[in-house]
Structure formats: structure tokens, C-alpha cells
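These notes are about the structure you will find just below.
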Amino acid sequence: MKNTPEGVDALSIDRRRFLALAGVAAVVPGAALAAVTDSIPVARRRMLQRNGYAIDAETPLDALSTYLTPNDLFFVRHHWNPQYAGHKGWFLTIDGEVERPLRLTAQDLRRLPRTTVTCVLQCAGNGRGLYQPFVPGVQWKYGAVGNARWTGVRVRDLLEQAGLKRAGHHLHTFGSDKPPVRTPPFHRSVEIEKIMADAIVADEMNGEPLPALHGGPARLVVPGWAGEHWTKWLERLSVAAESQKGFYMETAYRYPKVIGAPGVAVPPAETRPVTELFVKSNVTEAPPRARVGSAALLRGFAFSGTPDVARVEISDDDGQSWQPADLDPQHDPWAWRLWSFRWSPKTAGRRTLFVRATDSAGAVQPREAAWNPSGYLYNGWHSASIEVDA
Ligand SMILES: Nc1nc2c(c(=O)[nH]1)N[C@H]1C(S)=C(S)[C@@H](COP(=O)(O)O)O[C@H]1N2
Ligand SMILES: [Mo]
């Protein structure tokens with residue numbers, strides 16, 4: 001694909017340059033955000049750009065140590081450089097299989113009953129750069145994921161107001177970003193059951209107006225489902241009998257129905273759309289050195305496409321035995337769970353600690369992620385390597 005050049009080295013870019021690249025001005029943080037943001041030291045406030053064209057920047061793991069990921073450190077995935085829409089003149093159209101099509105301004109949206117969801121947004125391609133053999137596309141490693149508090153209006157309320165017809169089974173979503181020539185538009189759709197269950201049109205992120213980089217004035221939030229469903233710069237929601245057609249539904253964002261051998265192509269008829277996220281955990285902080293007999297503290301996060309994480313465990317013997325990590329009390333359905341673990345090494349030398357999570361449906365994070373031709377939903381065990389002194 002033209003818009004995702006391969007093999008581009010990641011450049012570390014600081015926040016100022018990142019904003020310059022994005023062509024947007026820094027927003028003045030509100031009190032709520034300042035509290036979220038201040039807990040990450042200045043030295044760690046940086047992003048890793050993973051693409052030569054369009055902003056595709058991931059968060060370094062050590063900056064993903066808070067329950068809410070600050071807006072200015074939240075990963076960004078653009079398919080191309082959008083023309084950022086302002087609030088003035090913006091409106092959201094709701095049409096298709098509805099009795100009364102709606103046209104809402106940003107102000108109209110703010111006056112409707114509001115709801116807040118705290119949940120994970122992860123790009124389906126997060127971890128693509130870790131697959132063997134190599135998979136072309138943006139070489140995301142660990143940080144195309146974050147946890148945020150999204151506020152806005154339930155799509156169910158909007159569709160009830162518009163009078164959803166029985167023939168409507170899919171919600172087609174349209175953002176205002178226009179692709180470069182000869183590139184298919186980013187047109188997507190989501191099953192109406194999922195939309196009616198818990199999708200929202202969000203115009204706030206972590207208590208601030210939704211930043212332009214993250215789809216402001218408004219975007220779709222689909223808790224538990226991969227990022228490509230979360231249409232940014234939303235301008236139209238259209239109900240239809242069938243799912244949307246085109247490259248981003250029929251070719252991209254599909255996963256093999258049956259997992260085959262690594263590196264082997266899968267015909268389209270033997271794929272299904274990517275939907276729920278897979279259970280996954282990462283280490284965000286671990287000391288490079290430790291000492292026999294004294295505890296070393298490891299921290300990280302865990303999440304899944306089910307509402308909750310049941311357990312996080314650590315192994316210091318290559319997966320033969322597991323010890324439970326402590327789960328932080330803060331949690332919300334489809335949010336991530338922070339964990340911590342005090343490890344007391346008994347022998348000196350270089351040691352590898354693996355982490356794995358189990359979700360509320362009993363799915364256990366596998367040692368190796370299931371290989372798939374597009375490199376989606378990587379969830380192999382993550383590890384930390386620690387040098388233990390006698
Ligand atoms: N209109 C539009 N919406 C979009 C995209 C896009 O390129 N255009 N990228 C999608 C993908 S693939 C992801 S992973 C998320 C990323 O959201 P973020 O940039 O706020 O992290 O937005 C989704 N919504
Ligand atoms: Mo994505």
C-alpha cells in the first residue's frame with residue numbers, strides 16, 4: 001500500500017516537532033488533564049514516528065504507565081494527512097435506513113444526554129513490527145495503544161431519535177479526511193448490534209475537547225473493538241442493510257478464519273473482519289539491574305476485547321511456573337488494568353521475566369501471537385530482561 005511505506009526507521013520526535021508536523025497548535029490543558037499529564041516526567045514526554053508519510057506515531061512504553069494516557073502522548077494513526085475540520089461549519093449527518101434523518105452541529109451534540117466511557121483504543125496493527133516473518137505496513141511495536149476517558153453521546157440515542165428502521169443492520173461511517181489521488185477512501189461500517197450496545201460519538205477526550213489529531217470535532221468510540229472502527233473527523237453516519245464495501249472493509253482489516261503456517265497467504269474468502277481486541281499485557285517499567293535478596297518492582301498494563309482482565313501473571317522460569325501480579329483497583333469495562341509485581345531474585349545473572357494476562361472470558365495470552373498476513377492483533381508474551389547482581 002502506497003500510504004504505508006515499509007522499512008522507514010522510527011525517528012524520535014519531541015512534542016513541539018510532533019505538533020508542528022501535525023500542523024495544529026497545542027491546546028491549553030484544563031485542570032482535569034493537567035492532573036493526568038503531570039505524572040509523566042518531561043524527559044519521557046516523547047513520541048516515536050513510525051512512517052515516512054502521514055502521522056503514525058506511537059507512545060514509548062515507559063510513558064504508558066498511567067491509568068489514563070495523556071492526550072499529548074496518545075498514539076496517532078492517520079492514513080493520510082487530513083484537512084483538520086474546525087467546529088465552525090461542522091455538522092454530523094445521520095441518514096440511510098432511518099425515519100427522520102438528522103443534522104447536528106457541535107453545539108447540538110453537546111446539548112444531548114451525555115455519557116462517559118473509559119476504555120482502550122488500540123490499532124489492529126499494534127505489534128506488527130514484532131511478527132516473524134516480516135509483515136509490510138506500519139512497523140508498530142508496542143505503543144499504538146492507550147487508555148482514555150471518552151465523553152459524548154450514545155449512538156443508540158441518536159439512532160432512536162432518528163427512528164432506526166428494521167432494515168438497518170450496519171452503520172456506515174464517514175470521516176472528512178480525503179485520501180490522496182488513486183487511494184481508496186477510509187470507509188468503514190460497524191454491525192448495528194455493537195453500535196446499539198455501547199458505541200458513542202465522542203467530542204471529549206480525558207476532559208478536554210477532542211483534539212484534532214484524535215478526530216475532533218467528533219469521532220466514533222467502539223469499546224473493545226480495534227481502532228479502525230473508531231472513525232475520526234466524523235461527518236456522516238448512514239444506516240444500511242449491508243456492510244460497507246471497498247478496500248478498508250474487503251481487503252484490509254481482515255483476519256484468517258483458520259490460522260495457517262507463518263508467511264502463507266490467505267484467500268479473502270477464508271478471512272473475517274477484525275473486531276474484538278485479543279488479550280494482551282505489556283511491561284512498562286522494570287529496573288535494568290537488581291540484587292539477589294532484594295525486591296525489584298515491575299509495572300505494566302493488561303487489557304482485552306472482553307470487559308475485564310481476570311489475572312496477570314509473571315514467570316521467571318521461561319513459562320514453567322507463574323506468580324500472580326497485583327492488579328490496580330482502578331478499572332472500567334474495556335479499560336486497561338495496571339499491574340505491579342515485586343520480584344525477589346534468588347540467583348545472580350541475566351534473567352528474563354515474562355508477563356501474560358487472562359481475560360474475563362478465560363482467554364490466555366499466548367507465548368507466540370498467531371501469525372496472520374496483515375500482522376494484526378499481536379499479543380505474544382512480553383518480557384523484561386534484568387541483570388541480577390549477587
Ligand atoms: N477518518 C479516519 N478515521 C480513522 C483513521 C483514519 O485514517 N481516518 N484511522 C483509524 C485507525 S486505523 C486507528 S488505529 C484510529 C487511531 O486513532 P488515534 O489517531 O486517535 O489514536 O483511528 C481510526 N480512525
Ligand atoms: Mo489502526
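Computed from phi, the 3J(HN,Hα) profile of the stretch 335-352 under the Karplus parametrisation 6.51, -1.76, 1.60 (θ = phi - 60°) reads 8, 8, 10, 6, 10, 9, 8, 9, 9, 10, x, 9, 10, 7, x, 7, 10, 10 Hz, with x in place of Gly and Pro.
Electrostatic tally near THR231: other residues with Cβ closer than 10 Å to its Cβ, Lys and Arg +1, Asp and Glu -1, net +1.
Legend: ranking of residues LYS257, LYS165 from fewest to most surrounding C-beta atoms inside 10 Å; resulting order LYS257, LYS165. Go ahead and run the numbers for FRET between THR352 and TYR53, Cβ-Cβ distance against an R0 of 30 Å, rounding to 0.05. The computed FRET efficiency comes out at 0.25. Coupling constants for the stretch 227-242 follow from the phi torsions by the Karplus curve (6.51 cos²θ - 1.76 cosθ + 1.60, θ = phi - 60°), and in residue order they are x, 5, 7, 8, 3, 8, 6, 4, 10, 8, 10, 10, 7, 9, 6, 10 Hz; glycine and proline get x. Annotation: the residues TRP80, TRP339, sorted from fewest to most other C-beta atoms within 10 Å of their own C-beta, follow the order TRP80, TRP339. Of all the options HIS172, HIS87, HIS187, the one that moves most in a Gaussian network model of the chain with Cα springs shorter than 10 angstrom is HIS87.
Over the C-alpha trace of the stretch 81-273, radius of gyration and Dmax come out as 17.2, 52 angstrom.
The label-point distance for GLU99 and VAL292, in a model that sets each label 7 Å from Cα toward Cβ, rounds to 7.7 nm. GLU99: net charge of surrounding residues, Cβ under 12 Å, Lys/Arg +1, Asp/Glu -1, itself excluded? With Lys, Arg at +1 and Asp, Glu at -1, the net is 0.
Relative to the compact-globule estimate of 2.2 N^0.38 Å, the Cα radius of gyration of the stretch 71-182 comes out at 1.35. If you run the Gaussian network model on the chain, springs between alpha carbon atoms under 10 Å, then out of ALA202, ALA144, ALA106 the most flexible one is ALA106.
Working note: Cα gyration tensor of the stretch 167-278, eigenvalues times five, square-rooted, sorted largest first, giving semi-axes of 25, 16, 15 Å. Treating r as the C-beta distance of TRP80 and LYS245 and R0 as 25 Å, the FRET efficiency rounds to 0.80. Applying 1/(1 + (r/R0)^6) with r as the Cβ-Cβ distance of GLU270 and ALA390 and R0 = 56 angstrom yields a FRET efficiency of 0.55.
For the chain, the 222 nm mean residue ellipticity estimated from helices alone, with every DSSP H stretch of n ≥ 4 adding -39500 (n - 2.57) and the total spread over all residues, rounds to -2500 deg cm²/dmol.
With kT/(6 pi eta Rh) evaluated at 10 °C and eta = 1.306 mPa s, and Rh the Kirkwood radius from Cα pairs, the stretch 280-389 diffuses with a coefficient of 110 µm²/s according to Stokes-Einstein. A simple spin-label model places pseudo-atoms 7 Å from Cα toward Cβ; at ASP328 and ARG111 they are separated by 3.9 nm.
Report the far tail of the P(r) of the chain, meaning the percent of Cα-Cα pairs longer than 40 Å. The calculated P(r) of the chain puts 14 percent of pairs beyond 40 Å.
Throughout, read-outs are computed from the coordinates displayed, never taken from laboratory work. What you are looking at is a predicted structure, and each value in this text was computed from that prediction instead of being measured. For neighbour counting, all protein chains shown are included, and Cβ atoms are generated from backbone atoms with ideal geometry for every residue, glycine included.
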